[in-house]
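The structure appears below as structure tokens.
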Amino acid sequence: MRNTAIWTAALASAALVTAWGTAGTAAASPAAAAATTLVVATNGDDTAPGTLARPLKTVQRAVDLAKPGDVIAVRGGTYTLTDNITIATSGTASQPITLGAYQGERVVVDGERLPASHTPVGGSIPRAERGAIHQEASYWRISDLEIINGPYGVYCDGCNGNVFTRLSTHDNYESGFQLQGTSSNNLILNLDSYANRDPRKNGESADGLAVKEGSGAGNVVRGARLWNNVDDGFDAWKFTSPILIENTVAHGNGFNRWGFPDFAGDGNGFKLGGGSPAPAVAHTVRNSTAFKNAAHGLTDNGNPGALALSRNSTYGNQGTGFDVDTSGGKAVLAANLSVADARAAAVGPGTVASGNSWNLGGTWNASSVLSTDPAPLTGSRAADGSLPSAPSFLVPRNGAAVGARF
């Protein structure tokens, strides 16, 4: 089963060591070795000690008991919430708190019974009720959970130094994953977020992943797949600090699959800003792809900052592949590929755009690439949670060094 080795090590040392750029190992300190492992199971008891033989019943009880360095190992099954899981205690940089599925067992966190999941049209969700998992804490390592039917899947506000790995957030009643407020140095790795919708707003705001309405340096999105969400795949509305996005896929967003009246979904693959006025922010997107979205593939959405877009691919979007016409010459677009979008690019005066498919000239259509079939890229992930290989998808037949490679 996937991640068995990871959890065996975690249960032995009660510490999960994660590096932002490369995988690493570290010897457990004496303090980490003394940390507690808390086991949760659907047949447990919240008065139990939380051992493998006598597990706790609810994730919330384990969260309440956890201290820096502890590990929460959740046994397989569906955890139906009547109140959201609230994470308010922080770990430390050297002793993060770990929460995840026990030895790769399938864990589903279901927010269908949460009152805020069924907020009426025009209503608002109280801040404390946002998210099947509501987090206002730092230095957690959260992995291998499937989060469904919540008023947001994961909602993290004022969160720093967290790592979110191999989460699946789908069919929630707002964005699948939202990071906001003063939040820095978070890594969102290998997220699958799809089919999220917001009936209360007729599709206006439920994204696959939103890093919005806040600030904080060092936030990274890597290896995410964001598809069939009612609004945008990725949304950086009013986030005032640069975000790095790489090796990420956004497709099929912005279509009214739920029959909402007065439909308001936007439908961009990557929305890289916004607001009135939109803050100037130098987000980076590289080796990522957006295809068959209802609007643009990548859009600055009014962000006048120095966006850096390199080696990305767009295909078959109903709007513009690369809609970057607000930067006033600050943005840099290099070696990007647009195939069969309604329009390849909208680039503002003075913007540096070099080596992109529209700069190279010629016709860029389905026959210009080895394959337009996304099936390999949208199939099962690798055992470690990384994206599956798709060596032919949107790769130019002529060998041009443009676009993403997966």
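Values in this text are rule-based calculations from the coordinates and carry no lab data. The structure presented is a predicted model; accordingly, all values stated were derived computationally and were not measured. A quick note on method: Cβ atoms are made from the backbone with ideal geometry, for glycine too, and the neighbour counts reach across all protein chains shown.
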Residue separation between Ser380 and Gln318 times 0.36 nm, minus their alpha-carbon distance, gives in nm 19.6 nm
Taking the convex hull of the alpha-carbon atoms of the range 278-327 and averaging its shadow over every direction gives an area in square nanometres of 3.1 nm²
To the nearest 20 debye, the range 226-353 has a Cα-centred charge dipole, built from +1 on Lys and Arg Cβ and -1 on Asp and Glu Cβ, of 240 debye
Going by how many other beta carbons lie within 10 Å of each one, how would you line up Lys57, Lys271, fewest first?
Lys57, Lys271
Using the Cα atoms of the range 265-348, I'd like the radius of gyration and the largest Cα-Cα distance, Dmax, both in angstrom.
11.4, 32
Computed over the Cα atoms, what is the radius of gyration of the range 283-406 divided by 2.2 N^0.38 Å, N being its residue count?
1.03
May I have the extent of the alpha carbons of the chain along their three principal axes, as whole Å values ordered from largest to smallest?
68, 48, 35
Long-range alpha-carbon pairs in the range 201-351, meaning those over 25 Å apart, account in percent for 18 percent
Loop-only check: which trypsin sites (Lys or Arg not before Pro) in the range 109-140 are DSSP coil with at most 12 other Cβ within 10 angstrom?
Arg113
Top mean-square fluctuation among Ala331, Ala264, Ala210, Gaussian network model of the chain, C-alpha springs under 10 Å?
Ala264
Each residue of the range 56-69 in order: what ³J(HN,Hα) in whole Hz does its phi give by Karplus 6.51 cos²θ - 1.76 cosθ + 1.60, θ = phi - 60°, with x for Gly and Pro?
6, 9, 10, 4, 4, 4, 5, 4, 5, 7, 5, 10, x, x
Could you give the dipole magnitude of the range 135-276 about its Cα centre, charging the beta-carbon of Lys and Arg +1 and that of Asp and Glu -1, in debye to the nearest 20?
220 debye
For the range 103-170 and the range 210-254, compute the distance between their C-alpha centroids and round to whole Å.
16 Å
Out of Asp64, Asp235, Asp262, any idea which swings most in a Gaussian network model of the chain, alpha carbons joined below 10 Å?
Asp262
Apply the Karplus parameterisation 6.51 cos²θ - 1.76 cosθ + 1.60, with θ equal to phi minus 60°, to every residue of the range 227-233 and state each ³J(HN,Hα) to the nearest whole Hz, in sequence, with x for glycine and proline.
9, 6, 8, 6, 10, 10, x
Using a Gaussian network model of the chain with C-alpha springs under 10 Å, which one of Ser313, Ser124, Ser143 is most mobile by mean-square fluctuation?
Ser124
Considering lysine pairs in the chain that are 8 or more places apart or on different chains, how many have Cα atoms under 25 Å apart?
13
What residues from the range 157-180 fall in the zone where the backbone N is under 15 Å from a label point 7 Å along the Cα-to-C-beta line of Glu204?
174-175
Please find the FRET efficiency linking Lys67 to Ala282, where r is the Cβ-Cβ separation and R0 is fixed at 51 Å, and quote it to the nearest 0.05.
0.85
Positive end of the charge dipole of the range 210-342 (Lys, Arg +1 and Asp, Glu -1 on Cβ, about the Cα centre): tell me which of Asn336, Pro279, Asn301 has its Cα farthest that way.
Asn336
State, as an integer percentage, the relative contact order of the range 288-406 based on alpha-carbon contacts under 8 Å between residues 6 or more apart.
22 percent
If I model a spin label as a point 7 Å beyond the Cα along the Cα-Cβ vector, how far apart are those points for Ala128 and Ser94 in nm?
3.5 nm
Residue-by-residue Karplus 3J(HN,Hα) for the range 389-401, coefficients 6.51, -1.76, 1.60, Hz, glycine and proline x
6, 9, x, 10, 5, 6, 9, x, 5, 7, x, 4, 7
From fewest to most C-beta neighbours within 10 Å, the residues His170, His118, His134 line up as His118, His170, His134
If contacts are Cα pairs under 8 angstrom and at least 6 residues apart, what is the relative contact order of the chain in percent?
8 percent
